[in-house]
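Heads up, the thing below is written out as structure tokens.
The values are calculated or read from the model by the stated rules, or taken from the named source; none is laboratory data. Since this is a predicted model, take the numbers as computed values, not measurements. Heads up, the Cβs are rebuilt from the backbone with ideal geometry, glycines too, and the neighbour counts pull from every protein chain shown. Ligands, DNA and RNA are excluded from the accessible area calculation, which covers all protein heavy atoms including side chains. Shrake-Rupley method; radii C 1.70, N 1.55, O 1.52, S 1.80 Å.
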Amino acid sequence: MGTLHVALLANLKKDAPILPDMVEDYWADLDSEHTIDAIAEVLWERGHRVTFLEGDATLFDRLREVQPDICFNICEGHFGDSREAQVPAILEMLRIPYTGSKVLTLALSLDKPMTKRVLAFHDLPTPPFQVLELVGEPLNPDMTFPLFVKPSRQGTGMGISARSIVRDEAELWTQVKSLFGAYQEPVLVERFISGRDLTVGLVGNLVPPVAWRVPENEEAPRVHRGLRFLPPLEIELGDYAQEEGRVYTYRAKVDLADKLIYICPARLDAELVEELNWLAAATFRVTGCLDVARVDFRLDEDDGDKPYILEINPLPGLSPDISDLVIEAKAAGISYAALVNTILEEALERYGMN
Ligand SMILES: Nc1ncnc2c1ncn2[C@@H]1O[C@H](COP(=O)(O)OP(=O)(O)O)[C@@H](O)[C@H]1O
Ligand SMILES: [Mg+2]
């Protein structure tokens with residue numbers, strides 16, 4: 001692999017449009033200049049030429065000018081339900097290779113209910129749920145309190161606070177109304193899973209034929225050739241546990257990030273780690289992820305720590321030192337530079353460019 005011209009595509013917080021009535025966390029998913037500089041630096045250190053391009057409406061023309069060999073894409077997008085899929089769609093149209101998951105996966109994973117339907121189809125454990133579009137609509141019989149209420153298509157704890165745990169209909173509809181107001185999208189209600197919060201990062205790609213057997217053939221040896229699992233990370237809220245309802249809220253992720261306790265590798269027995277890895281690989285496979293992802297879990301303390309899949313993040317944060325994936329990589333002895341360059345190398349291999 002010689003020197004490549006890599007375009008680093010991201011949406012910077014500082015470039016984000018300002019909208020009327022925007023809630024405080026509206027652009028929480030977007031990246032800081034610090035992250036962009038860090039990624040650019042470690043790609044450059046490997047000998048690549050790096051050009052940063054903002055992933056907005058100027059991108060199409062800029063790409064045609066710059067003509068990169070490959071794009072390192074971490075765009076979360078600004079507008080619409082397909083916002084994470086828009087940049088990959090442009091790249092497909094221009095036939096420019098790029099890192100990470102493609103259009104369908106990024107549109108799917110942004111939509112938590114749709115992702116849960118795919119998981120449920122494959123018998124993968126995800127909390128029972130219902131999607132609410134109207135205040136006061138009847139609840140399904142399996143929606144027993146306490147329930148957990150969250151936006152259908154947000155991330156980074158957006159819309160999630162201690163008030164997300166609701167104990168009766170009055171609390172439920174208050175919270176649902178508030179989310180309708182803030183995000184103008186259907187609300188996802190799930191059975192509340194009381195227990196530990198874990199996340200598992202994966203880097204690489206499933207190599208056929210093993211890839212085709214996940215998760216259909218559970219009896220097959222649990223090897224996932226091509227995928228590397230990072231050690232599970234547990235997030236403990238420490239002094240803030242009570243206030244935050246023991247959930248990983250927006251406040252915990254953003255305001256308290258440097259005050260939380262990150263345990264990596266999480267203290268889990270080997271069998272449970274194997275189970276989490278298997279579920280993470282299966283989620284990666286059925287949602288069609290490529291190169292990198294992070295799967296979020298909750299363990300049900302009322303049911304022998306049974307793991308439930310909450311969501312998959314095919315664009316996991318890459319802030320040096322603070323992002324979950326980066327912390328997990330470090331615990332596995334993988335430096336930030338190695339993590340970022342591995343993601344690039346995985347993509348290069350898929351495109352036959354290595
Ligand atoms: N069904 C649930 N039961 C209990 N806690 C939940 C549930 N769903 C989400 N949470 C809590 O909220 C956090 C964020 O939820 P998640 O679905 O991962 O959204 P985000 O995209 O904001 O990370 C989780 O890490 C967990 O602490
Ligand atoms: Mg999450």
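Summing charges over neighbours of I39, with a neighbour being any other residue whose Cβ is under 12 Å away from its Cβ, gives -4 when K and R count +1 and D and E count -1. Applying the Karplus relation 6.51 cos²θ - 1.76 cosθ + 1.60 with θ = phi - 60° to region 321-329 yields 3J(HN,Hα) values of 6, 10, 6, 3, 4, 5, 5, 5, 4 Hz, where x marks Gly and Pro.
In the chain, what percent of the accessible surface is made up of carbon and sulfur (1.4 Å probe, ligands and nucleic acids excluded)?
Working: 8030 of 15770 Å².
Answer for the chain: carbon and sulfur cover 51 percent of the accessible area.
Within the full protein context, the accessible area of M114 is estimated at about 90 Å² for a probe radius of 1.4 Å. Each stretch of four or more DSSP H residues adds -39500 (n - 2.57); spread over every residue of the chain, this sum gives -9000 deg cm²/dmol at 222 nm. A simple rule links phi to the HN-Hα coupling: the Karplus curve 6.51 cos²θ - 1.76 cosθ + 1.60 with θ = phi - 60°, which for region 289-297 gives 6, 9, 6, 7, 5, 9, 10, 9, 10 Hz, with x for Gly and Pro.
Just for the chain, what percent of DSSP beta bridges are antiparallel, to the closest 5? Kindly include the intermediate steps, with their values, before the conclusion.
On the way: 34 of 46 bridges.
Antiparallel bridges: around 75 percent, rounded to the nearest 5.
Using the Cβ-Cβ distance between E92 and V207 with R0 set to 30 Å, the FRET efficiency from 1/(1 + (r/R0)^6) comes to roughly 0.85. In this structure D111 has an accessible area near 30 Å², from a 1.4 Å probe over the protein heavy atoms.
Our coupling estimate for region 334-341, obtained by passing each phi through the Karplus curve with A = 6.51, B = -1.76, C = 1.60 and θ = phi - 60°, is 9, 6, 4, 4, 5, 4, 4, 5 Hz, Gly and Pro reported as x.
Within region 260-274, find all residues whose amide N lies under 17 Å from a label point positioned 7 Å from the Cα of A241 along Cα-to-beta-carbon. Taking a point 7 Å out along Cα→Cβ of A241, the residues of region 260-274 whose backbone N falls under 17 Å are 260-264, 266-268. A cut-off of 5 Å between modelled amide H atoms, ignoring neighbours fewer than 5 places along the same chain, links E311 with D296.
Residues R267, R350, ordered by accessible area of protein heavy atoms at a 1.4 angstrom probe radius and largest first, appear as R267, R350.
Measuring r between the beta carbons of K177 and I18 and using R0 = 22 Å, the FRET efficiency lands at 0.30.
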